[in-house]
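Asker: Got a structure here, written out as structure tokens. Questions coming.
The values are calculated or read from the model by the stated rules, or taken from the named source; none is laboratory data. Just so you know, these numbers come straight off a predicted model, no measurement behind them. Positions of Cβ are backbone-derived with ideal geometry, glycine not excepted, and every protein chain shown enters the neighbour counts. Note: accessible area is taken over every heavy atom of the protein model, side chains too, but ligands, DNA and RNA are not part of it. Shrake-Rupley method; radii C 1.70, N 1.55, O 1.52, S 1.80 Å.
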Amino acid sequence: MSYPSLAPYIMKRPWLMRWMRPLSEWYFDNAGYRKLGLRADDLIPEEDEIVQQALKRLSPKEAYDRVFRMRRAFQCSLSHQLLPKTEWTKTNDDYPYLSPIIREITAEQTEREDLESMIINKRKATPKGSSPNIESKH
């Protein structure tokens, strides 16, 4: 789930951030998922193994809310209608709830792979009475 991102570059420059914020808000408002009551993390495909693990780590309330949002959006899609404007997802409510867990699982897997691929080199024992830094020539 790695893809190039300009976000760190933009966030370091306040003038660029002021210019991009209205553009990003316009984009998110016109993406349409908020009009169905969804959050951005609801759009993450569930087929990936990491996402499956992240879904299992959700709190029961968050998992229930996710299923409710998905079913309500599916029902709206079937009926070709949008939710009433009062039920649209607000900008404040559209915070990441699944992405941090996905990043945590990815970091755990990377750490596990690093530990499993670690090669341990044992030091050779030096004979008694000889210095470990001095090689003897015979």
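Asker: Under the condition of being open to solvent by less than 30 Å² (accessible area, probe 1.4 Å) and part of a loop (DSSP other than H, G, I, E, B), which residue from the range 40-67 is farthest from SER99 (Cα to Cα)?
Answerer: LEU58
Asker: When the range 73-90 is examined, which residues are found to be farther than 16 Å from ILE44 by Cα and either under 24 Å from the mean Cα position of the chain (by Cα) or in contact (Cβ under 8 Å) with a residue 40 or more places away in the chain (or both)? Give the steps one after another, and end with the answer.
Answerer: Initially, the range 73-90 is screened for residues farther than 16 Å from ILE44 by Cα, giving 75-90.
Passing the criteria: CYS76, SER77, LEU82, LEU83, GLU87, TRP88, THR89, LYS90.
Asker: For the range 38-50, which positions are in contact (Cβ under 8 Å) with a residue 12 or more places away in the chain and more than 23 Å from GLN75 (Cβ to Cβ)? Talk me through it step by step, then tell me what you get.
Answerer: Within the range 38-50, the subset in contact (Cβ under 8 Å) with a residue 12 or more places away in the chain is 38-42, 44, 48, 50.
Listed by number, the residues that qualify are ASP48, ILE50.
Asker: Same structure, new question: Any idea which residue in the range 1-22 is most open to solvent (accessible area, probe 1.4 Å), counting only those that are within 23 Å of the chain's Cα centre (by Cα) and closer than 30 Å to PRO84 by Cα?
Answerer: Restricting attention to the range 1-22, the residues satisfying the condition of being within 23 Å of the chain's Cα centre (by Cα) are 1-12, 17, 20-21.
Retained after the next criterion (residues that are closer than 30 Å to PRO84 by Cα): 20-21.
Details: MET20: 52, ARG21: 121 Å².
Across the range 1-22, the extreme among qualifying residues is ARG21.
Asker: Answer yes if at least one residue in the range 88-96 is basic (Lys, Arg) and either over 30 Å from ILE10 (Cβ atoms) or crowded, with 17+ Cβ neighbours inside 10 Å (or both), and no otherwise.
Answerer: Quick first cut of the range 88-96, residues basic (Lys, Arg) only: 90.
Retained after the next criterion (residues that are either over 30 Å from ILE10 (Cβ atoms) or crowded, with 17+ Cβ neighbours inside 10 Å (or both)): none.
Checking the range 88-96: not a single residue is basic (Lys, Arg) and either over 30 Å from ILE10 (Cβ atoms) or crowded, with 17+ Cβ neighbours inside 10 Å (or both).
Asker: Determine whether the range 3-23 contains at least one residue that is farther than 30 Å from THR110 by Cα, among the charged types (D, E, K, R) and assigned to a helix (DSSP H, G or I). I'd like the intermediate steps shown before the answer.
Answerer: Residues of the range 3-23 that are farther than 30 Å from THR110 by Cα, as a first pass: 13-23.
Checking the rest, the ones that are also among the charged types (D, E, K, R) come to 13, 18, 21.
Those left that are additionally assigned to a helix (DSSP H, G or I): 18, 21.
Checking the range 3-23: at least one residue is farther than 30 Å from THR110 by Cα, among the charged types (D, E, K, R) and assigned to a helix (DSSP H, G or I).
Asker: Separate question: Scan ARG112, ARG72 and give me the residue that is open to solvent by less than 80 Å² (accessible area, probe 1.4 Å) and not in a loop (DSSP other than H, G, I, E, B). Show your work before the answer.
Answerer: Working: ARG112 fails: open to solvent by less than 80 Å² (accessible area, probe 1.4 Å).
Exactly one residue qualifies, and that residue is ARG72.
Asker: Sticking with this structure for a sec: Does LEU98 count as on the phi < 0 side of the Ramachandran plot and more than 13 Å from the chain's Cα centre (by Cα)?
Answerer: Criteria not met by LEU98.
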